[in-house]
Structure formats: structure tokens, C-alpha cells
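Here is the structure we will look at, set down as C-alpha cells.
Read the figures in this text as sums done on the coordinates, not as results from a lab. Just so we're clear, the structure is a prediction, and the values are computed from it rather than from any experiment. All Cβ positions, glycine included, derive from the backbone under ideal geometry; neighbour counts span all protein chains shown.
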Amino acid sequence: MRTITRTVAATTAALALAGVVSTVGAGTAAAATTVRHYSGHGAEWACNADKAALGSVPGSVVLCDELNNGVFRLSVVPHGEIPLHILSLMATGSFDGLS
């Protein structure tokens, strides 16, 4: 029972944070852009190579996210959208911390 209570509390807190962050960023037109998905042998290498080729994007960060089942996603995320990006990864079980 305690595990269910903790899960519900954590989910409620994450949703509340997402609401606050989305309210604060409601006036911005910037949103995360998925550039491409990668899967199969060498997916991580290909994603990181394209990330390096894309280079720096002003006001944003370029990320290679490892999703479930060995799929990688190349995304351009504006600085204000980073918390929502991390929350979406947490919701799918793909985010396991910062490294």
C-alpha cells in the first residue's frame, strides 16, 4: 500500500510541477522539436554524430535521449522547455537521472 501511495504522490507532484512550468512558459512560442528517431545497431552513435553535426543552437540545447527499447531521439529543446522535456521522459520511464 505504501508503494501505491508514494507513486500517486510522486505523480501528483510531477503533474503539479508540469502545470506550473507550463503556466510560466505559456507566453513563449518556443517548443521542443524532435529532429529524428534512431533505432537498431549503432543508434546511439548515429544520434550523437548528428548532434555534433547540428552543433550549437542559440537559446536551446541539443539532446540525444535514450527512449525505451533502445530507441534514441535527437531533439532541440529551448532552455525554458527543459523541465517539461525531462518530465515527459520521466512519464515514459525513459529518464533515469542526469549523467
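Note down the nm distance, to one decimal, between modelled labels 7 Å out along Cα→Cβ at ARG36 and at SER94.
Taking the simple label geometry, ARG36 and SER94 are separated by 1.6 nm.
For the range 49-59, what does the Karplus curve 6.51 cos²θ - 1.76 cosθ + 1.60, with θ = phi - 60°, yield as ³J(HN,Hα) per residue in whole Hz, taken in order and with x for Gly and Pro?
With the stated coefficients, the range 49-59 comes to 5, 5, 4, 5, 5, 5, x, 7, 10, x, x Hz.
Equivalent-ellipsoid semi-axes (√(5λ), Cα gyration tensor) for the range 48-99, whole Å, largest first?
On the way: eigenvalues 71, 44, 11 Å².
For the range 48-99, the ellipsoid semi-axes come out as 19, 15, 7 Å.
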